[in-house]
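As structure tokens, the structure follows; a few thoughts come after it.
The values are calculated or read from the model by the stated rules, or taken from the named source; none is laboratory data. What you see is a predicted model; the values in this text were computed from it and never measured. Neighbour counts run over all protein chains shown; Cβ positions are idealised from the backbone, glycine included. To get the accessible areas, we keep the full protein, side chains included, count just its heavy atoms, and leave off ligands, DNA and RNA. Shrake-Rupley method; radii C 1.70, N 1.55, O 1.52, S 1.80 Å.
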Amino acid sequence: MAGRVVLAIGGGYGIAGLATALLSLTLPMSRAEAVTTATLASFAIMVGIVVVAFAARSLARAAAIVGGLALLLGAALWLVMGSTTGFTP
Amino acid sequence: MKQGFRQSMAWMHTWSGLVVGWVLFAVFVTGTASYYRAEISRWMQPELRREAAITPETLAASADLAVAHLQAHAGGARMWFVTLPTPERPLVELFWRNRPGTPPGHVLLDPQSGAPAEMRATRGGDFFYRFHFELNLPPLWGRWIVGICAMVMLVALVSGIVTHRRIFSDFFTLRRDKAAQRGWLDAHNVSGVLALPFHLMITYTGVVTLAIMYMPWGVTAAYRGDQQAFFAETGQVTRNRPPAGEPGTLAPVGPMVAKALATIPEPLERLSILNPRDANSTVVAVFEEPHGLSHQHPQVAFAGTSGTVVEVLSGGLRPAAKTFTTMVGLHEAHFAGAALRGLFFLCGLLGCAMVGSGLVLWTVARLPKSGVAAGFGWRLVHTLNLGTIAGLPAGIAAYLLANRLLPLDLAGRAEREVWVFFGAWIAVAVAGAWPAPRRAWRGALALVAALFVAVVLADVATARALWDDPAWFLGFDAALLALAAGFASISYKVARFAAPRRARRAADAPAAAPQMGRA
């Protein structure tokens, strides 16, 4: 259970943070609106990840889901950041 | 798999609830009290005389008096905040932020004379309001702790919902005559389910009030961390005007107040004056929220040295920003009239009951068998339960009592009241650790009831001559007496609680084992 607790807290916040950053840059609305929407949604995302971390059949499976998601989001964020650095004021 | 999912949610619910339950209880109690923050402040300063109306001329004149006081006493400060008089609270409240490392300044002025107001020093209802999200710790620490606890609460709510098979029938189920554990479980379920929409709303919107602090990564990615720019772009605050670094003279603020009042039809609440001695000083007039759910203050910004308007913010938020301010508005319930605010208050009390009964349930479900000594873990949880659930109300009552009994000219009087609050809380928690659990609960709850009665007696004895509206003060005292009656009746129930009826019936039969229902 201790492993799941750590995974839920670290993974939950990490994924919520990555998703917030990614959505802030990619949502099809003005910058301020995108950041607000993403930040408002982030806490629901975190709760969802915590539930997944505890609901998965085994710790390894939970870690795989959370880790995979984090990698996916991280890679997407890296691509988006790379493509926008030239444009941002 | 289905079974496993529900079990892991139940495990998460039990342990996440226990770990943060004590903090959450304090957050719920002080948050519920904060719905009546203005009333508590008024009760704690009975010297205050309300006025029928405040004219625009009085507002402008009191703003000039405020700035004169600040020029004389807070010249080096980076920011001045002036709360202007209202009919309910005809006082000018000044607050200023000094350079980092120097504590901020604070004073109350009489709007007619500009001299410090003749009023007992107290933090009033503001103390509960700030405790609600800062726990009287350094702000950063307090806000993070409360935020983490709120997230755990959100998880506990979701897992609590999942744990339930029959949420609808829980509405109507309170089995007081069965085993103690069953009764506490039902109490936890009823208080949780009955106000479930409120609990979910208040927890999520509570996190949202400090969302940018807890989850700054969107602002980091899109604004390179410039939160001021983000808030200005959403239309919630006026644009930042950085200091020029050259000295400047602030123009008279009276005319700015008059111009602001002519621009926005809402009551004017306060002035923020940034970099008051800089050539690029800014004066922002902040108005009360217009009618509606959204927590959004109309604002007019002036260039401080010339008094010309540089920006007017009034409505016109885009959908996401409007959602954000509406969530904050829902949390604070400033929009609510008397009846709705009463309903919010009752829902808050149900929240306190949900957290409190959940904590008690943990100990009741693990009650040691008769003849077996309680383990260290059980004693610890029991002590913290009692220390929080009875200790915090005792602290609140003692805080109000200190307000009436401490000498009026005592140095640092407002801080002493807070000491009394924590002193009483700690005393009850420590004293409650020694006696047998049931006696401890009975005694502590009776003490809380007695303290609330003492508050009313002290009020009538020492402050009656000061009441400007006796019916209002008597109403407040009646509410305190209702609280006292509530605590007294719980104390009585704890004392009277015997083995449940079924067990008693069994005990009446010859040769039945006594006390079987308490396991």
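Couple of notes before you dig in:
- Selection from segment B:220-263 of residues that are within 14 Å of chain A (Cβ to nearest Cβ) and over 28 Å from the mean Cα position of the chain (by Cα): B:THR220, B:ALA221, B:ALA222, B:TYR223, B:ARG224, B:GLY225, B:ASP226, B:ALA229, B:GLU233, B:ARG239
Every residue, every condition in (1) within 22 Å of the chain's Cα centre (by Cα); (2) assigned by TED's automatic domain parsing to the domain that holds B:ALA353; (3) at positive phi; (4) not in a helix (DSSP H, G or I), yes or no:
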residue: B:LEU401; (1), (2), (3), (4): yes, no, no, no
residue: B:ALA411; (1), (2), (3), (4): no, no, no, yes
residue: B:ALA414; (1), (2), (3), (4): yes, no, no, no
residue: B:ARG439; (1), (2), (3), (4): no, no, no, no
residue: B:PHE476; (1), (2), (3), (4): yes, no, no, no
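- Subset of segment B:347-373 [in contact (Cβ under 8 Å) with a residue 24 or more places away in the chain and of a type in the set (A, V, I, L, M)]: B:LEU349, B:LEU350, B:ALA353, B:MET354, B:VAL355, B:LEU359, B:VAL360, B:LEU361, B:VAL364, B:ALA365, B:LEU367
- Applying the condition of being among the aliphatic types (A, V, I, L, M) and facing another protein chain (nearest Cβ under 9 Å) to segment B:210-219 and asking which residue is surrounded by the fewest Cβ atoms within 10 Å (Cβ to Cβ) yields B:ILE212.
- Selection over segment B:245-292 of residues that are part of a strand (DSSP E or B) and surrounded by fewer than 20 Cβ atoms within 10 Å (Cβ to Cβ) gives a count of 4.
- Checked against (1) modelled with pLDDT under 95; (2) in a helix (DSSP H, G or I), A:LEU72 passes all but condition (1).
- Those helices (runs of 4 or more DSSP H) lying entirely in segment B:1-83 with at least 3 residues within 14 Å of chain A (Cβ to nearest Cβ) and open to solvent by 20 Å² or more (accessible area, probe 1.4 Å): B:2-34
- Residues in segment B:351-385 that are touching a Phe, Trp or Tyr at 6+ places or on another chain (Cβ under 9 Å), part of a helix (DSSP H, G or I) and open to solvent by 50 Å² or more (accessible area, probe 1.4 Å): B:LEU384 alone.
- B:TRP96 fulfils the conditions (1) among the aromatic types (Phe, Trp, Tyr); (2) in a strand (DSSP E or B); (3) outside the structural domain of B:GLU269 (by TED's automatic domain parsing) except for a single criterion, (3).
- Counted residues, segment A:24-36 - those being facing another protein chain (nearest Cβ under 7 Å), within 14 Å of the chain's Cα centre (by Cα) and open to solvent by 40 Å² or more (accessible area, probe 1.4 Å): 1
- Checking segment B:300-322 against the condition returns no match, with no residue being away from every other protein chain (no Cβ under 14 Å), crowded, with 17+ Cβ neighbours inside 10 Å, under 30 Å from the mean Cα position of the chain (by Cα) and in a loop (DSSP other than H, G, I, E, B).
- Residue that is farthest from the other protein chains (Cβ to nearest Cβ), among those in segment B:323-339 that are in contact with a Ser or Thr (Cβ under 9 Å, 6 or more places away or on another chain) and aliphatic (A, V, I, L, M): B:LEU330
- Test: residue in segment A:2-21 that is within 7 Å of chain B (Cβ to nearest Cβ), out of contact with any His (no Cβ under 8 Å at 6 or more places or on another chain) and open to solvent by 40 Å² or more (accessible area, probe 1.4 Å): no
- Segment B:89-105, subset modelled with pLDDT under 90 and either hydroxyl-bearing (Ser, Thr, Tyr) or touching a Leu at 6+ places or on another chain (Cβ under 9 Å) (or both), residue least open to solvent (accessible area, probe 1.4 Å): B:GLY105
- Check on B:THR203, open to solvent by less than 20 Å² (accessible area, probe 1.4 Å) and facing another protein chain (nearest Cβ under 10 Å): yes
- Which numbered condition A:GLY82 misses (of (1) touching a Gly at 6+ places or on another chain (Cβ under 9 Å); (2) more than 10 Å from chain B (Cβ to nearest Cβ)): (1)
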